[in-house]
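The values are calculated or read from the model by the stated rules, or taken from the named source; none is laboratory data. As the structure is a prediction and not an experimental result, all values here were calculated from the model. Counting neighbours? That spans all protein chains shown, and the Cβs are built from the backbone with ideal geometry, glycine included. Each accessible area value is taken on the protein alone, full model and side chains, heavy atoms only, with ligands, DNA and RNA left out. Shrake-Rupley method; radii C 1.70, N 1.55, O 1.52, S 1.80 Å.
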Amino acid sequence: MQTWLKVTIGIVVSLIIIFIVGGYIFYNSLTESLPIYQGELKVPSLKSEVKIYFDTLAIPYIIADNDEDVSFALGYLHASERMFSMDMIRRAGEGRLSEIFGAETVPFDRMFRTVGLNRTAKMIKEKMNPEGLNLLEAYSRGVNYYLEEKKNKYPVEFDVLGYQPEEWKPEHSIIVIRMMAWELNLGWWTDLSFTELVQKLGEEKVKEILPDYPENAPTIIPSEIKKFTQINTNFIETDKAFRKFIGMTGTHLGSNNWVVNSEMSASGKPIIANDPHLAYRAPGIWYAMVIKSPSWDVAGVTLPGVPGIAIGKNENISWTLTSIMTDETDFYFETLDSSRTKYLLDGNWKDLEIIEDTIYTRDGINVPIEIKYTHRGPIISNIHPYNFIFNRDESTYPPISMRWLGNEFSDEMDAFLKINKAKNWSEFKAAVEKFNIPGQNFVYADREGNISYVFGGALPVRQTNATTFLFDGSDSKNDWKGFVPRDELPFLFDPTTNFIATANNKVIKDFKYHITNLWEPSSRIDRITELLQAKNKHSVEDYMKYQEDIYSPYAKSIVPYILYAFENAEVKDKNLEKSLQLLREWNFEMDKYLHAPAIFVTFFDKLMKNIYMDEMGDDLFNQYVFLANVPYRNILELLQNPFSVWYNDVKKNERKTRDDVIRESMNDALDELESKLGKDVKDWQWGRIHTVTFKHAFSGASGLLDDVINIGPHEISGDGTTIFNTEYAFSESIEKYPLFSHDAFDCELGPSMRFIYDFVKPDEFYLILTTGQSGNIFSDHYKDQTELFLNGKYMKIRTDEESITNQGNSLLRLLPK
């Protein structure tokens, strides 16, 4: 054999060996981070053996002898599957993201240190029920056991960012709970934006675009708004950017839930359902689980970072949640003295509480910050994206303070522990009364056949119901006057209608206390009610169809205005003629394969811009439409008035009517569709522009990486007005952060899981998640539920011990060391 051939063969063989060995080492280094589903682990601090069975989709079934061991196992499992997500949330709440991401996240850290979630969590820990604290400590030991056992073998995100997660503490679980409340804190947006609108456009004009103004705000717009310095709402952008960064996109942060009693159930027992609408992300927010111990026998979904079932069932009851949309935040114009260390209250100067703090960054830059507190809460007007970059002086902004219910003491851990263990209606209702934030509609059923509704949340008592705007902070009359007594909050028990349904709609008419102005449009609750009243009896199979329903009552109410506007108009454009014909024949289903939804939604987008943008300008427009339920509701009201001043084009000084603006918006919509999808209307299917991608926290860093870590894109039906809520963003202001760009109709939010339980079969329920149980991108369970979810399929989860132990599940035993 020739020498050159020997050398060539030798080199090739060597490279193959290096490739195989290197690949093996690389593969092992990645798979070492994967969770363990089978075997035995010797564990410190356990009282007794814990058995954890796993089914083929990695749903764990914990069987333990006591609650502490259950909580330990919960902590271990959550950390095994979701440690990176948990660490991101706790770091965000503590204001410590910059330590691993660098100066880019300083505005986020400044925001949360100012809001004070870390301080609040420590305060709650000191005051909470000792039983709950004991379980949080056991949970923390479970997380920390994982951290010790997997040291230097954590998921790849930690390697990419080059850091090791720190010890988990009970206050970190409290931060996770309060971060969920922050995600649902909607008043942060509207009060500030509506105040700026009044300052810019005047009281009379703004009245016409406020949601439900006559009913929910019977008093006049506070006159003192006009005397204060024009506010700067740039700092709202900080929270928008943070929500994109951490995966809290979307503003239809509501849900659907409903229950029928035995009279309307095909099985003769209550059937209950829930699909909470939250921002889409990878991994999804929930982790499914079954818990079995002598005093804690419960199943459903958990929130990684917190022990206990958030939504689910036990042996006796089942409960589900939707957001009340409670107004939990008020803002105040403050008057500071020249030293900016005192604030004016009732004619006297009061000392500000001033806290000096430092944000440490990965870049080695230390950023000193000063946080100022009034008796209501922090001054937040200096939280904005470019304060650090441009070193702007806080004195250039009018001082605005915030009182947020999330900074008050309440013990949601204790509330949910008691809900998990409740045996009947009275125990359940007493447990919900301990729950303050975020405000939730609790829908309930029990094995005795009862169904009920409880208003879950604390409600501040205010002097006025006009809480849509900022208050004068120099007058204590604007302070909260305590909280509405629990026995005055709405509840419902065994109604004669034989069903209960909520979809973030108005809770009760003519309630003497202010709840919110931010109800969702009635489209979803109208459709749910229609479906429940259409049949005498309903089954689990019916519920599955209802949760997938894509009919839009909202679109049905808008389309007649479009057709009327063109009734006497000469239509020469063939695509316009075809589009109008499609709208006439449309069944109002937001089907991804249909063309009419794409035409309607693009039209609606142009309609909003043609009505509001000339008066508001880009920034105010994007703030106004950011909370999507506001324009959804207002457009319906405006269209009833053919001659509203909002139709006029103030830039061109041109008077217009409703029909003028509708025709203009329709033409603009067709121009956009032709540009995006081509000249042929047959190519304008809704699914071509409406897709969902479940995005990882590293999404956007690299196109090749996105293909591995993201799940999607997938074409998807529905929109923000259908039971199957697949919201897209109205606002474009986030585009000033290029990292967070998105296409116009990308689905950002929707059902984060689906849950159905029929009491006739007490040992099984139906559930599906959006992605999978695991947050590890190399796990088989990172995205193994996505196709099931998108195709309307469910897991059937058994909760009896015989099924758990005898259906071929793998077994992981945790043994006391």
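Across q = 0.05, 0.06, 0.07 Å⁻¹, the chain modelled as identical point scatterers on its alpha-carbon atoms has Debye log10 I(q)/I(0) values of -0.27, -0.40, -0.54, in the order of the q list.
When the Cα positions of G312, T361, T322 are compared along the charge dipole of the stretch 299-363, G312 comes out farthest toward the positive end, with charges on each C-beta of Lys, Arg, Asp and Glu.
Three principal axis extents describe the C-alpha atoms of the stretch 438-539; from largest down they are 58, 30, 22 Å. Karplus-derived 3J(HN,Hα) values for the stretch 152-159, using 6.51 cos²θ - 1.76 cosθ + 1.60 with θ = phi - 60°, are 6, 10, 7, x, 4, 4, 5, 5 Hz; glycine and proline are entered as x.
Neighbours of D683, meaning other residues whose beta-carbon lies under 11 angstrom from its beta-carbon, give a summed charge of +2 when Lys and Arg score +1 and Asp and Glu score -1.
Loop-located GluC sites (Glu not before Pro) in the stretch 505-596 (DSSP state not H, G, I, E or B) with no more than 13 neighbouring Cβ atoms inside 10 Å: E567, E570. P(r) tail, the stretch 79-173: Cα-Cα pairs separated by more than 18 Å, 51% of all pairs.
Ranking D660, D758 from most to least accessible surface, computed with a 1.4 Å probe over the protein chains only, gives D660, D758.
G750: net charge of surrounding residues, Cβ under 11 Å, Lys/Arg +1, Asp/Glu -1, itself excluded?
Summing Lys and Arg as +1 and Asp and Glu as -1 gives -3.
For the pair N366 and A701, a Förster radius of 25 Å applied to the C-beta separation gives a FRET efficiency near 0.45, rounded to the nearest 0.05.
Quarter the surface of the alpha carbon convex hull of the stretch 778-817 and you get the mean projected area, 4.9 square nanometres. Here is the list for the stretch 626-688: chymotrypsin sites (Phe, Trp or Tyr not before Pro) lying in DSSP coil, each with at most 13 other C-beta atoms within 10 angstrom of its C-beta, are F643.
Using the Karplus relation 6.51 cos²θ - 1.76 cosθ + 1.60 with θ = phi - 60°, the per-residue 3J(HN,Hα) values for the stretch 498-514 come to 6, 8, 9, 9, 9, 8, 6, 8, 4, 6, 7, 7, 6, 6, 6, 9, 6 Hz, with x marking Gly and Pro.
Membrane-span-like helices in the chain, defined here as complete DSSP H runs extending at least 18 Å along the helix axis by their C-alpha atoms with mean Kyte-Doolittle hydropathy no lower than 1.0, are 3-31; this is a sequence and geometry rule, not a statement about a membrane. Multiplying each eigenvalue of the alpha-carbon gyration tensor of the stretch 543-621 by 5 and taking the square root yields semi-axes of 24, 21, 11 Å, largest first, rounded to whole angstroms. The residue among A92, T516, P44 whose Cα reaches farthest toward the positive pole of the charge dipole of the chain, with charges on the beta-carbon of Lys, Arg, Asp and Glu, is P44. To put it simply, the accessible area of the stretch 622-737 at a 1.4 Å probe is 48 percent carbon and sulfur.
Which whole-number percent of Cα pairs in the stretch 409-450 have a distance greater than 15 Å? In whole percent, the long-distance tail amounts to 38.
In terms of Cα atoms, the Rg and Dmax of the stretch 583-735 work out to 17.2, 53 Å.
Rounded to the nearest 5, the antiparallel percentage of DSSP beta bridges internal to the stretch 626-774 is 90%. Rounded to the nearest 0.05, the FRET efficiency derived from the C-beta distance between D487 and N134 at R0 = 30 Å is 0.50. Net charge of the neighbourhood of G792, taken over other residues with C-beta under 10 Å away and scored Lys/Arg +1, Asp/Glu -1, is +2. For the stretch 270-283, the Karplus equation 6.51 cos²θ - 1.76 cosθ + 1.60, evaluated at θ = phi - 60°, returns couplings of x, 10, 10, 9, 7, 9, x, 9, 9, 4, 7, 7, 10, x Hz by residue, with Gly and Pro reported as x. Under a 5 Å amide H cut-off, with hydrogens placed 1.01 Å from N, S810 pairs with F54 among residues at least 5 apart or on other chains.
Rolling a 1.4 Å probe over the heavy atoms of the protein chains gives the stretch 516-623 an accessible area of 42 Å² per residue.
Counting only DSSP H runs of at least 4 residues, each contributing -39500 (n - 2.57), and dividing by the residue count of the chain, the helix-based mean residue ellipticity at 222 nm comes to -11500 deg cm²/dmol. The alpha carbons of the stretch 691-817 give a radius of gyration and a Dmax of 18.5, 56 Å, in that order. Assuming charge only on the beta carbon of Lys and Arg (+1) and of Asp and Glu (-1), the dipole of the chain about its Cα centre is about 600 debye to the nearest 20.
Subtracting the Cα-Cα distance of S338 and Q533 from 0.36 nm times their residue separation leaves 63.8 nm of extension gain. Among the GluC sites (Glu not before Pro) within the stretch 34-84, which fall in a DSSP loop and have no more than 16 other Cβ atoms within 10 Å of their own Cβ? Sites meeting the loop and neighbour criteria: E49. Taking all protein chains as shown and a probe of 1.4 angstrom, T31 keeps an accessible surface of around 40 Å². Among 490-497, 786-793, 458-465, the peptide with the highest mean count of other Cβ atoms within 10 Å heads the list, and the full ranking is 458-465, 786-793, 490-497. Remark: C-alpha extents of the stretch 253-293 on the principal axes read 40, 32, 13 Å, sorted largest to smallest.
Can you check what the Kirkwood hydrodynamic radius comes to for the stretch 93-146, Cα pairs only, in Å to one decimal? Can you show the working numbers first?
Details: mean 1/r = 0.0777 Å⁻¹.
Its Kirkwood hydrodynamic radius stands at 12.9 Å.
Potential lengthening of the chain between A430 and E204 amounts to 76.9 nm, from the contour at 0.36 nm per residue minus the alpha-carbon distance. Each pair of Cα atoms in the stretch 126-181 enters the Kirkwood radius, and Stokes-Einstein at 37 °C and 0.692 mPa s then converts it into a translational diffusion coefficient of 258 µm²/s.
With N counted as the residues of the stretch 252-386, its alpha-carbon radius of gyration over 2.2 N^0.38 Å works out to 1.69. Considering the dipole of the chain built from charges on the beta carbon (Lys and Arg +1, Asp and Glu -1) around the Cα centre, which of P597, S295, N261 is farthest to its positive end? Checking the options against the dipole of the chain, the answer is S295.
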